[in-house]
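Colleague: Shown below is the structure under consideration.
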Amino acid sequence: MKITVLGTGYVGLSTGVCLAEIGHNVTCIDVNTEKIDQLNKGISPIYEPGLESLLVSNMGEGRLEFTTSHQKGFERAEVIIIAVGTPQTDEGAANLVYLEQAAKDIAQHLKHDAIVVIKSTVPVGTNEYIKTRIKDGLESGVKIEIVSNPEFLRQGSAVQDTLRADRIVIGADNKFAAEKIAEMYRPMKVPVLQTTIRSAELIKYASNAFLATKISFINEMANLCEAVGANVEDVAEGMGRDQRIGSAFLQAGIGYGGSCFPKDTAALVHTARKNGVPFAIVKETIETNQEQQKRLVSKALKRFGDIKGKKFAMLGLAFKPETDDMREAPSIIIVKELVRLGASVSAYDPVAMGNAQKVIGDEIEYASNAFEAIADADALMIVTEWNEFKNLDLQKALDEMKQPIIFDGRNCFREEQLEDIKNIEYYPVGKPPFINSSNK
Ligand code: UGA
């Protein structure tokens, strides 16, 4: 099948590469010339495990190409997948400017019938609206059908999530179009759910908001565990073994970040409010998350009283491991709070340093490795659970600190690993602190 993907962000690029991998001929279009030049050289503009090697191999086999030209990109396209961003507006709604532009570009340059698939996360009703926008601008005689096909991939495991998804949702009011898109995905052998367009649009928001709610729930549970001396990991395991609940997304931490949960929960609340539905549970999820992101700082204040003049080492800046994405990363809030309270920060992340500097600026020091970040610090905060940190030679790293005090936002260490470290104070999430006073 000849497929064209509009937008080469996480979703567009992963989708394009994976559709080429299952044998389709894919052209990806982006307006960013620099990005397209890089992609044409086989370089992925984002850090995403496994993506670049598939990019190179599929380009080599002539199934994948990149262009800035809509005219060229739409030639012979049977399916056009829109995967442009839908960032958040000031009111919390989804901003549709890029989608509007995509509609204009299709209307202007498409010269034959095609199926337009919207993969971008869009509020209910948007597919129908965009269909009208495209149709109104198309040359007479050219016909399109629209299919809502939301994306469920996660950053850091985008390739695996795409090729081995739990389900593919196809929302359409035209049987032929729905069948064609099901056929496009058939080689992936993933179960398909066919629905109406509006239900498909809502499935995406419902899924992300539900997962975000699960995280806020377990984070509140962690806070309760800390207050009563229980262990949230045991609680999560006990809950998760109930198949109706499931164990995924019950990892307590310092709140969710990223380009999806924060924006999609806000957009769902916005849509609900507009339609007279309070949806208070998602509002609470958002508020709980905002509080949770400040939790490590509250713990530091409780431990030190005043943190003015203290030096904090920060391990991890990206919103989660295996990505260099800093969007809505809890590290941003934590740094802001620490600096506001007069502390200094020395941070390290294995891949997000460049992006972090763009977002956080020069208010903090950027170390070239974990040991350098930790050296001479009064306390260490673990913000992203990179394997590199879990496998750190703790004894050696902590030796360089003034006193080994760790606020671990991601529960990277077990007590056995800490037992031999003199004077250690370890404050995990949702578990009693481990304080090794026996060596004092
Ligand atoms: C999320 C969804 O998981 C995907 O299904 C969806 O396609 C994507 O949004 C999207 O809408 O594009 P993503 O944001 O890439 O994917 O990453 P997640 O792995 O879901 O993590 C989101 C945040 O939740 C991270 O900050 C992570 O640290 C946090 N999290 C996740 C927890 O705090 N606890 C958990 O148990 C799981």
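The values are calculated or read from the model by the stated rules, or taken from the named source; none is laboratory data. Every value quoted in this text rests on a predicted model; they were computed, and no experiment measured them. Using ideal geometry, Cβ is built from the backbone for each residue, glycine included, and neighbour counts are taken over all protein chains shown. For the accessible areas, the whole protein counts, side chains as well, though only heavy atoms, and no ligand, DNA or RNA atoms are used. Shrake-Rupley method; radii C 1.70, N 1.55, O 1.52, S 1.80 Å.
Colleague: For segment 374-391, check the following and say yes or no: at least one residue is more than 16 Å from the ligand (Cβ to nearest atom) and basic (Lys, Arg).
Modeller: No: segment 374-391 contains no residue that is more than 16 Å from the ligand (Cβ to nearest atom) and basic (Lys, Arg).
Colleague: Just checking, how many residues over segment 162-215 are of a type in the set (Lys, Arg) and touching a Leu at 6+ places or on another chain (Cβ under 8 Å)?
Modeller: 2
Colleague: Is it true that some residue in segment 239-254 is hydroxyl-bearing (Ser, Thr, Tyr) and within 13 Å of the ligand (Cβ to nearest atom)?
Modeller: Taking every residue of segment 239-254 in turn, at least one turns out to be hydroxyl-bearing (Ser, Thr, Tyr) and within 13 Å of the ligand (Cβ to nearest atom).
Results for (1) more than 16 Å from the ligand (Cβ to nearest atom); (2) crowded, with 24+ Cβ neighbours inside 10 Å; (3) within 19 Å of VAL84 (Cα to Cα), shown as yes or no for each residue.
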| residue | (1), (2), (3) |
| --- | --- |
| LYS119 | no, no, yes |
| GLY125 | yes, no, yes |
| TYR129 | yes, no, yes |
| GLY137 | yes, no, no |
| VAL142 | yes, no, no |
| VAL147 | yes, yes, yes |
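Colleague: Considering only segment 410-434, state which residues are at pLDDT 95 or above and in contact with a strand residue (DSSP E or B) (Cβ under 6 Å, 6 or more places away or on another chain).
Modeller: Answer for segment 410-434, where residues must be at pLDDT 95 or above and in contact with a strand residue (DSSP E or B) (Cβ under 6 Å, 6 or more places away or on another chain): ARG410, CYS412, GLU425, TYR426, TYR427, PRO428, PRO433, PHE434.
Colleague: Same structure again: Which one of THR68, THR86 is touching a helix residue (DSSP H, G or I) at 6+ places or on another chain (Cβ under 8 Å) and open to solvent by 50 Å² or more (accessible area, probe 1.4 Å)? Give the steps one after another, and end with the answer.
Modeller: Values: THR86 fails: open to solvent by 50 Å² or more (accessible area, probe 1.4 Å).
None of the others qualify; the one that does is THR68.
Colleague: Here's another thing I want to ask about it. Would you check which residues across segment 287-320 are more than 16 Å from the ligand (Cβ to nearest atom) and under 24 Å from ALA370 (Cβ atoms) and list them?
Modeller: Result: VAL297, LYS299, ALA300, ARG303, PHE304, ILE307, GLY309, LYS310, LYS311, PHE312, ALA313.
Colleague: Another question, then. Just name the residue that is farthest from the ligand (Cβ to nearest atom) out of those in segment 328-369 that are surrounded by 14 or more Cβ atoms within 10 Å (Cβ to Cβ) and of a type in the set (Ser, Thr, Tyr).
Modeller: The qualifying residue farthest from the ligand (Cβ to nearest atom) is SER344.
Colleague: THR195 passes all but one of (1) without any contact (Cβ under 8 Å) to a residue 40 or more places away in the chain; (2) surrounded by fewer than 19 Cβ atoms within 10 Å (Cβ to Cβ); (3) within 18 Å of CYS18 (Cα to Cα); which number fails?
Modeller: Of everything listed in (1) without any contact (Cβ under 8 Å) to a residue 40 or more places away in the chain; (2) surrounded by fewer than 19 Cβ atoms within 10 Å (Cβ to Cβ); (3) within 18 Å of CYS18 (Cα to Cα), THR195 misses just condition (3).
Colleague: Could you figure out which of (1) within 11 Å of the ligand (Cβ to nearest atom); (2) surrounded by fewer than 23 Cβ atoms within 10 Å (Cβ to Cβ) isn't true of LEU224?
Modeller: Among (1) within 11 Å of the ligand (Cβ to nearest atom); (2) surrounded by fewer than 23 Cβ atoms within 10 Å (Cβ to Cβ), LEU224 violates only (1).
Colleague: Filter segment 235-265 down to the residues that are in a helix (DSSP H, G or I) and open to solvent by 20 Å² or more (accessible area, probe 1.4 Å) and list them by number.
Modeller: VAL235, GLU237, GLY238, MET239, PHE261, PRO262, LYS263
Colleague: I'd like to know if segment 279-301 contains one or more residues that are open to solvent by less than 20 Å² (accessible area, probe 1.4 Å), within 19 Å of LYS320 (Cβ to Cβ) and of a type in the set (D, E, K, R).
Modeller: The answer is no, given that none of the residues of segment 279-301 is open to solvent by less than 20 Å² (accessible area, probe 1.4 Å), within 19 Å of LYS320 (Cβ to Cβ) and of a type in the set (D, E, K, R).
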